[in-house]
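Asks: This is the structure I want to talk about, given as structure tokens.
The values are calculated or read from the model by the stated rules, or taken from the named source; none is laboratory data. This is a predicted model, so every value here is computed, not measured. With ideal geometry, Cβ positions are generated from the backbone for all residues, glycine too; neighbour counts draw on all protein chains shown. Areas reflect the complete protein model, heavy atoms only, side chains present, ligands, DNA and RNA absent. Shrake-Rupley method; radii C 1.70, N 1.55, O 1.52, S 1.80 Å.
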Amino acid sequence: MSEEHFKNVISHAKEYGFVFLSSEIYDGLAAVYDYGQNGVELKNKIREYWWKSMVQLHENIVGIDASIFMAPDVWKASGHVDGFSDPMIDNKDSKKRYRADVLIEDYQEKYRVKNQKEIQKAKKRFGDTFDEAQFVVTNANILRNNKKIAAIDVRLKEGLESGALHLIKELIEELEISCPVSGSKNWTDVRQFNLMYSTQMSATDGDNKIYLRPETAQGIFVNYLNVQKTSRQKLPFGIAQTGKAFRNEIVARQFIMRMKEFEQMEMQFFVSPGEEMKWYDHWKQHRMKWHLNLGTQSSKYRFHDHVKLAHYANAAVDIEYDFPFGFKEVEGIHSRTDFDLKQHEQYTGKKIQYFDNEKNESYTPYVVETSIGLDRMFLVLMSNALQTDDLGEGQTRTVLKLPPALAPYQCAILPLVKKDGLPELARKIMAELSLDFNCYYEEKDSIGKRYRRQDAIGTPICITIDHESITDQAVTIRFRDSMEQKRVSILELPAIIEQVVSMKTLLRGLL
Ligand code: ATP
């Protein structure tokens, strides 16, 4: 996927009512987005696919919906107050604040862009005989650029991992990185910047700082005892939750990839100590299956093991998708040990354990977490689905080939003309189908134009009502991907649509 394609995804998302910049008429709010009429449908469907696959298909997983606000000490116990931060640097002249590591990554990116230009140039020069794979491992300029990128990687990692932030400042100075706004190289030292947003709980008290949760996981941990007791679940069992999380990302960019307000879908799986690696492997495979079950090419996904583990983890892997800016995390699977429950035990003084009947002993369960960003998943699907089909004779069409079960509308109902009783029949069909499906009704413009509009929002089936429909009680249905058309009886419609768009078929792929 190219940068060009990514730009198309962003503009398509806006033009067709999927994603808008928040408060756009006020010039927008950086890194905060709103979902439009089609976006909200797709987002709800992704959430439904996740929820059903996790909760409905697993008798030992139950869901909760915890609040965004939590007792402030939760975030002390979890380590977020002290440790949830990014390295930031200010430019003294422009007064702009940056993520120090991102300034360096952007610098590296310039070399990647240079490489791309070399490749484009060579492509033009050599035409059909051009062998890109061979070119990138032999061209002197590309090799030199890659060496520079790799050397910077090593030093950046060293600074970040050791916590010696002066090393990062030195690197910025050595590379002569200047402020993108002012062009000045007058930098402050690099400092850690906490990513949690805070507000006041009450209007009257003095010290009543409260945080907006930066992850949904803690809502699950603090409810572990409540849920275990009331659900009578035995280990191993899981608690699932979807909901908003907030992070004051210093540099939020790449559209809905990195937002300040976003939604997570998380599942914490509680297991007996010693069994965590078995379950870690299990969830790793299962979650990859969930992604591939949507029909995305497997080469677009990969696992990426964490080299540096978070303070709470003894194993961690990301599921990455091939975005235009490279493979990036969509979901994390983490073996979180008993860290969180133990911390909450310590901070509250309450025993948070599991009584194992078989072993006749109490212990703190270990946790394996699967955590996926709903908005990032949305971006994966939009990027993967948006295609331009060549129809021959210089004709193309833009089509959003979303998995049919996730499409905003399952079908469109299109009377051929706005008269002769066709709209009335179409409305009758619509009234019946709307009980099961989200249907789009449209009677304006030529049928060809209407098909194209439905293609662009990913509607899997179009139903056209013509003059004959009134006498033969049959309609023409057209399939989005194949563009095949066939005549079917009105009575058959629910079953045909169901077969194409059903969430059930999608879920069955996971069994
Ligand atoms: P990254 O390294 O990209 O910042 P992370 O490792 O901090 O991500 P986690 O804390 O593991 O992310 O959160 C789990 C998931 O939540 C991520 O895989 C991602 O899909 C999503 N996520 C995290 N931060 C954001 C954000 N700022 N905007 C959108 N989604 C996010």
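Asks: Please tell me the relative contact order of the chain in percent, rounded to the nearest whole number, where contacts are Cα pairs under 8 Å and at least six residues apart. Spell out each step's value before the answer.
Replies: Details: 840 pairs, mean separation 71.8, N = 511.
Relative contact order of the chain: 14 percent.
Asks: Separate question: What residues have an amide H closer than 5 Å to that of residue 412, excluding those fewer than 5 places away on the same chain, when H is modeled at 1.01 Å from N in the peptide plane?
Replies: Close amide H contacts, sequence-distant or interchain: 440, 461, 462, 463.
Asks: Then there is this: Under the rule of at least 5 residues apart or a separate chain, name every residue whose amide H is placed under 5 Å from the amide H of residue 61.
Replies: 238
Asks: A further question follows. Put +1 on the Cβ of every Lys and Arg and -1 on every Asp and Glu Cβ in the range 394-508; which of 465, 485, 400 then has its Cα farthest towards the positive end of the dipole?
Replies: 400
Asks: Which translational diffusion coefficient, to the nearest whole µm²/s, is obtained for the range 394-508 from the Stokes-Einstein equation, given a Kirkwood hydrodynamic radius over C-alpha pairs, 25 °C and 0.890 mPa s?
Replies: Details: Rh = 14.2 Å.
Here the translational diffusion coefficient equals 173 µm²/s.
Asks: Which residues does a label at residue 130 reach in the range 1-30, if reach means a backbone N under 17 Å from a point 7 Å past the Cα toward the Cβ?
Replies: Under 17 Å, as judged by backbone N against the label point of residue 130, lie 1-5 of the range 1-30.
Asks: Rounded to the nearest 0.05, what FRET efficiency do residue 113 and residue 417 give with R0 = 60 Å and r taken as the Cβ-Cβ distance? Could you check? Walk me through the numbers before you get to the answer.
Replies: Numbers: r = 52 Å, r/R0 = 0.87.
Calculated transfer efficiency: 0.70.
Asks: Using 1/(1 + (r/R0)^6) with R0 = 35 angstrom and r between the beta carbons of residue 499 and residue 3, what's the FRET efficiency to the nearest 0.05? The partial results should precede the final answer.
Replies: Numbers: r = 38 Å, r/R0 = 1.09.
According to the calculation, E is roughly 0.35.
Asks: Treating only the Cβ of Lys, Arg, Asp and Glu as charged (+1, +1, -1, -1), what charge dipole size does the chain show about its Cα centre? Round to the nearest 20 debye. Could you put the intermediate results ahead of the total?
Replies: Numbers: 69 positive and 73 negative charges, 111 e Å.
That gives the chain a dipole magnitude of about 540 debye.
Asks: Same structure, new question: I need the peptides 150-157, 470-477, 70-77 ranked by packing, meaning the mean over residues of other C-beta atoms within 10 angstrom, with the highest value on top.
Replies: Details: 150-157: 13.5, 470-477: 15.6, 70-77: 17.2.
Order by mean packing, descending: 70-77, 470-477, 150-157.
Asks: Dividing the convex hull volume of the alpha carbon atoms of the range 284-431 by its residue count, what do you get in Å³ per residue? Let's see the in-between values first.
Replies: Values: hull volume 34.1 nm³, N = 148.
With only Cα atoms used, the range 284-431 gives 230 Å³ per residue.
Asks: Here's another thing I want to ask about it. Compute the length gained on full extension between residue 468 and residue 484: take 0.36 nm times their separation in residues and subtract their Cα-Cα distance, giving the result in nm to one decimal.
Replies: Values: separation 16, 0.36 × 16 = 5.76 nm, distance 1.95 nm.
Length gained, residue 468 through residue 484: 3.8 nm.
Asks: Expressed as a whole percentage, what fraction of the accessible surface of the chain belongs to carbon and sulfur atoms when a 1.4 Å probe is rolled over the protein heavy atoms? Mind dumping the intermediate values first?
Replies: Working: 12360 of 25100 Å².
Exposed carbon and sulfur together represent 49 percent of the surface.
Asks: Just need log10 I(q)/I(0) for the range 84-137 at q = 0.12, 0.13, 0.28 Å⁻¹, Debye formula, equal scatterers on the alpha-carbon atoms, no solvent, rounded to two decimals.
Replies: Taking Cα atoms of the range 84-137 as identical point scatterers yields -0.49, -0.53, -1.05.
Asks: Take every Cα pair under 8 Å in the range 394-508 that's 6+ residues apart, average their separations, divide by the length, and report that relative contact order as a whole percent. Mind dumping the intermediate values first?
Replies: On the way: 188 pairs, mean separation 36.6, N = 115.
So the answer I get is 32 percent.
Asks: Can you tell me the accessible area per residue over the range 87-191, all protein chains present, probe 1.4 angstrom, in square angstrom? All intermediate terms of the calculation are to be shown ahead of the outcome.
Replies: Details: 6430 Å² over 105 residues.
Ligands and nucleic acids excluded, the result is 61 Å² per residue.
Asks: Which residue, chosen from 306, 108, 265, occupies the Cα position most advanced towards the positive end of the dipole of the chain, where the dipole is computed from +1 (Lys, Arg) and -1 (Asp, Glu) charges on Cβ about the Cα centre?
Replies: In the chain, that residue is 108.
Asks: Could you tell me the relative contact order of the range 87-191? Use alpha-carbon pairs under 8 Å, at least six residues apart, and round to a whole percent.
Replies: Working: 104 pairs, mean separation 45.3, N = 105.
Result for the range 87-191 is 43 percent.
Asks: Oh, and also: For n ≥ 4 DSSP H runs only, could you compute -39500 (n - 2.57) per run for the chain, divide by its residues and tell me the 222 nm figure to the nearest 500? Mind showing how you got there, number by number?
Replies: On the way: 18 runs with 200 residues, N = 511.
Estimated from H runs of four or more residues: -12000 deg cm²/dmol.
Asks: What is the distance in Å between the Cα centroid of the range 1-68 and that of the range 441-491?
Replies: When both Cα centres are located, 28 Å separates them.
Asks: Turning to a different aspect of this structure: At a probe radius of 1.4 Å, what is the per-residue accessible area of residue 179, in Å² to the nearest 10?
Replies: 0 Å²
Asks: For the chain, divide the Cα radius of gyration by the Kirkwood radius and give the resulting Rg/Rh value with two decimals. Write down the numbers at each step before the final one.
Replies: Details: Rg = 26.4 Å, Rh = 26.2 Å.
Using only Cα positions, Rg/Rh for the chain is 1.01.
Asks: Which percent, to the nearest 5, of DSSP beta bridges fully inside the chain are antiparallel? Kindly include the intermediate steps, with their values, before the conclusion.
Replies: Working: 72 of 83 bridges.
Bridges in the chain that DSSP calls antiparallel: roughly 85 percent.
Asks: Also, I was wondering about something else. Once the dipole of the chain is set up with Lys and Arg at +1 and Asp and Glu at -1 on Cβ about the Cα centre, which of 348, 39, 497 lies farthest towards its positive end?
Replies: 39
Asks: Something else now. Exactly which GluC sites (Glu not before Pro) in the range 24-68 are in a DSSP loop and have at most 15 other Cβ atoms within 10 Å? List each step's numbers first, then the result.
Replies: Working: sites: 24, 41, 48, 59; in loops: 59.
When the GluC sites (Glu not before Pro) of the range 24-68 are filtered for loop state and at most 15 Cβ neighbours within 10 Å, 59 remain.
Asks: Counting only the heavy atoms of the protein chains, how much of residue 261 is accessible to a 1.4 Å probe, in Å² to the nearest 10?
Replies: Near enough 60 Å² of accessible area.
Asks: Within the range 310-360, list the GluC sites (Glu not before Pro) lying in a DSSP loop whose Cβ has at most 10 other Cβ atoms in a 10 Å radius.
Replies: On the way: sites: 320, 329, 331, 345, 358; in loops: 358.
Those satisfying the criteria are 358.
Asks: How big is Rg to Rh over the range 350-458, alpha-carbon atoms, Rh as the Kirkwood inverse-mean-distance radius? Please report the intermediate quantities before stating the final value.
Replies: Working: Rg = 24.5 Å, Rh = 18.4 Å.
My calculation of the ratio gives 1.33.
Asks: Are there chymotrypsin sites (Phe, Trp or Tyr not before Pro) in the range 255-329 that DSSP marks as loop and that have at most 15 other Cβ atoms within 10 Å, and which are they?
Replies: Values: sites: 255, 262, 269, 270, 279, 280, 283, 290, 301, 303, 312, 321, 325, 327; in loops: 312, 325.
Sparse-neighbourhood loop chymotrypsin sites (Phe, Trp or Tyr not before Pro): 325.
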